[in-house]
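Since the structure comes first, as C-alpha coordinates, the remarks are kept for the end.
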Amino acid sequence: MTPRTIPREKIPWYPTINFDACTGDQECLNFCKNDVFTWDAVESHPIVERPYNCAVGCDACSQVCPAQAITFPSPEDLRQTLRRLRAEAIAGGNGTG
Ligand code: SF4
(Lines give C-alpha, C1' and ligand atoms only; values in the text may rest on other atoms or scores of the structure.)
Protein backbone atom coordinates (compact mmCIF):
# COMPACT_ATOMS: atom_id res chain seq x y z
CA MET A 1 0.00 0.00 0.00
CA THR A 2 1.31 3.44 -0.92
CA PRO A 3 0.34 6.42 1.26
CA ARG A 4 -1.30 9.21 -0.69
CA THR A 5 0.08 11.95 1.49
CA ILE A 6 2.44 12.52 4.37
CA PRO A 7 0.93 14.79 7.06
CA ARG A 8 2.44 18.24 6.59
CA GLU A 9 3.39 18.48 10.27
CA LYS A 10 5.78 15.57 9.81
CA ILE A 11 7.84 17.39 7.19
CA PRO A 12 10.38 19.79 8.75
CA TRP A 13 10.39 22.29 5.89
CA TYR A 14 9.97 25.95 6.85
CA PRO A 15 12.11 29.08 7.09
CA THR A 16 14.49 29.78 9.94
CA ILE A 17 15.37 33.42 10.62
CA ASN A 18 18.77 34.47 11.85
CA PHE A 19 17.81 37.41 14.05
CA ASP A 20 21.40 38.60 14.25
CA ALA A 21 21.33 39.22 10.50
CA CYS A 22 17.66 40.33 10.13
CA THR A 23 17.29 44.08 9.60
CA GLY A 24 13.50 44.05 10.06
CA ASP A 25 12.65 45.36 6.60
CA GLN A 26 9.57 43.08 6.36
CA GLU A 27 10.36 41.93 2.81
CA CYS A 28 9.61 38.32 3.75
CA LEU A 29 6.39 39.28 5.49
CA ASN A 30 5.15 41.19 2.45
CA PHE A 31 6.37 38.57 0.01
CA CYS A 32 4.94 35.33 1.43
CA LYS A 33 1.33 34.72 0.38
CA ASN A 34 0.95 31.66 2.61
CA ASP A 35 0.81 33.66 5.83
CA VAL A 36 3.85 31.91 7.29
CA PHE A 37 5.24 35.04 8.96
CA THR A 38 3.81 37.48 11.46
CA TRP A 39 5.39 40.63 12.83
CA ASP A 40 6.74 40.87 16.36
CA ALA A 41 6.25 44.56 17.09
CA VAL A 42 8.10 44.34 20.38
CA GLU A 43 11.26 42.81 18.92
CA SER A 44 10.81 44.47 15.49
CA HIS A 45 11.36 41.34 13.49
CA PRO A 46 9.24 38.69 11.80
CA ILE A 47 8.29 35.40 13.42
CA VAL A 48 7.71 32.09 11.66
CA GLU A 49 4.24 31.84 13.18
CA ARG A 50 2.71 29.20 10.90
CA PRO A 51 5.62 27.06 9.69
CA TYR A 52 3.43 24.35 8.21
CA ASN A 53 1.76 26.85 5.90
CA CYS A 54 5.09 26.87 4.06
CA ALA A 55 4.93 25.07 0.71
CA VAL A 56 7.26 22.08 0.85
CA GLY A 57 10.27 22.81 -1.34
CA CYS A 58 9.62 26.55 -1.62
CA ASP A 59 12.49 28.74 -0.42
CA ALA A 60 11.56 31.90 -2.29
CA CYS A 61 11.49 34.13 0.80
CA SER A 62 15.14 33.34 1.44
CA GLN A 63 15.91 34.75 -1.98
CA VAL A 64 14.04 38.03 -1.43
CA CYS A 65 15.71 38.64 1.94
CA PRO A 66 18.42 41.22 1.27
CA ALA A 67 20.15 40.33 4.54
CA GLN A 68 20.29 36.61 3.70
CA ALA A 69 18.81 36.02 7.13
CA ILE A 70 16.47 33.19 6.08
CA THR A 71 17.61 29.60 5.67
CA PHE A 72 15.99 26.27 4.85
CA PRO A 73 17.12 22.67 5.00
CA SER A 74 19.09 21.66 1.93
CA PRO A 75 17.21 20.06 -0.99
CA GLU A 76 19.14 16.87 -0.33
CA ASP A 77 18.01 16.86 3.32
CA LEU A 78 14.42 17.32 2.12
CA ARG A 79 14.73 14.45 -0.36
CA GLN A 80 16.11 12.14 2.33
CA THR A 81 13.40 13.15 4.81
CA LEU A 82 10.61 12.53 2.29
CA ARG A 83 12.14 9.19 1.31
CA ARG A 84 12.27 8.14 4.98
CA LEU A 85 8.73 9.31 5.76
CA ARG A 86 7.32 7.52 2.73
CA ALA A 87 9.13 4.33 3.71
CA GLU A 88 7.87 4.61 7.29
CA ALA A 89 4.32 5.22 6.13
CA ILE A 90 4.42 2.19 3.83
CA ALA A 91 5.94 -0.01 6.54
CA GLY A 92 3.95 1.22 9.47
CA GLY A 93 0.48 2.16 8.34
CA ASN A 94 -1.22 5.34 7.40
CA GLY A 95 1.22 7.82 8.98
CA THR A 96 -1.48 9.74 10.75
CA GLY A 97 -0.62 8.62 14.25
S1 SF4 B 1 13.39 39.81 4.60
FE2 SF4 B 1 15.15 39.19 5.86
S3 SF4 B 1 15.90 41.12 6.80
FE4 SF4 B 1 13.82 41.51 6.05
S5 SF4 B 1 12.46 41.11 7.82
FE6 SF4 B 1 12.57 39.19 6.62
S7 SF4 B 1 14.24 38.03 7.59
FE8 SF4 B 1 14.47 40.16 8.27
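The values are calculated or read from the model by the stated rules, or taken from the named source; none is laboratory data. Quick caveat: nothing in here was measured; it's all calculated off a predicted structure. Every residue, glycine as well, gets a Cβ built from its backbone with ideal geometry; the counts of neighbours run over all protein chains shown.
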Evaluate region 12-30: report whether one residue or more is in contact with a Cys (Cβ under 6 Å, 6 or more places away or on another chain), closer than 27 Å to Leu85 by Cα and free of Cβ contacts under 8 Å to residues at least 40 places away in the same chain. no
Among the residues of region 29-39, are any touching a Pro at 6+ places or on another chain (Cβ under 6 Å) and assigned to a helix (DSSP H, G or I)? yes
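Can you name the residue in region 69-82 that is modelled with pLDDT of 95 or more and loosely packed, with under 11 Cβ neighbours inside 10 Å and is also farthest from Cys28 (Cα to Cα) among such residues? Before the answer, list the steps.
Within region 69-82, the subset modelled with pLDDT of 95 or more is 69-74, 76-82.
Adding the requirement that they be loosely packed, with under 11 Cβ neighbours inside 10 Å leaves 74, 76.
Values: Ser74: 19, Glu76: 24 Å.
Across region 69-82, the extreme among qualifying residues is Glu76.
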Pick from region 11-35, criterion surrounded by 15 or more Cβ atoms within 10 Å (Cβ to Cβ) and away from the ligand (no atom under 14 Å from the Cβ), ranking: nearest to Ile70 (Cα to Cα): Trp13
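Going by the structure shown, is Pro3 at pLDDT below 95, surrounded by 12 or more Cβ atoms within 10 Å (Cβ to Cβ) and out of contact with any Leu (no Cβ under 6 Å at 6 or more places or on another chain)?
Numbers: at pLDDT below 95: yes; surrounded by 12 or more Cβ atoms within 10 Å (Cβ to Cβ): yes; out of contact with any Leu (no Cβ under 6 Å at 6 or more places or on another chain): yes.
The answer is yes for Pro3.
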Just one of the numbered conditions (1) more than 16 Å from the ligand (Cβ to nearest atom); (2) modelled with pLDDT of 95 or more; (3) surrounded by fewer than 16 Cβ atoms within 10 Å (Cβ to Cβ); (4) part of a helix (DSSP H, G or I) is not true of Ala91; which one? (2)
